[in-house]
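Scroll down for the structure; my scribbles are underneath it.
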Amino acid sequence: MARAATIALREAGFDVVDMGNAPPYEREESLVLDRVGRPEWARSVAEALRIPASEADPDSTRLVDVTVLLGADWEPFIAEDSSGVGGSDAP
């Protein structure tokens, strides 16, 4: 799932710096976390992945703008048209 999400985000123009498993490994619902106080970036990532939920969880030690937690509810998809998503002001 992480690889599919990484591909989808990169195709949408986002810079994905790392992927892996985060505990707990059996998340039910997907969530996008805003790490730097830019909720619009978290919402853009959530929209690109078709994840309905995003929330603030600042953490400057992670050195990323957004963290994606994929849950059992997320299903990989083929991006249809990513124009307008990601832009130059996106994470």
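Pick from the stretch 27-49 the residues that are outside any helix (DSSP H, G or I) and not aliphatic (A, V, I, L, M): which of them is nearest to ARG3 (Cα to Cα)? Among those residues, the one meeting the criterion is SER30. Taking VAL68, is it under 18 Å from MET1 (Cβ atoms), of a type in the set (Val, Ile, Thr) and touching a residue at least 60 places away in the same chain (Cβ under 8 Å)? Here the answer is yes, as VAL68 does meet what is asked. Within the bounds of the stretch 50-60, is there any residue that is outside any loop (DSSP other than H, G, I, E, B), in contact (Cβ under 8 Å) with a residue 24 or more places away in the chain and either hydrophobic (A, V, I, L, M, F, W, C) or loosely packed, with under 13 Cβ neighbours inside 10 Å (or both)? Looking through the stretch 50-60, at least one residue is outside any loop (DSSP other than H, G, I, E, B), in contact (Cβ under 8 Å) with a residue 24 or more places away in the chain and either hydrophobic (A, V, I, L, M, F, W, C) or loosely packed, with under 13 Cβ neighbours inside 10 Å (or both).
The numbers here are math on the coordinates, done by the rules we state, and not lab data. Please read all numbers here as calculations on a predicted model, not as lab measurements. Every residue, glycine as well, gets a Cβ built from its backbone with ideal geometry; the counts of neighbours run over all protein chains shown.
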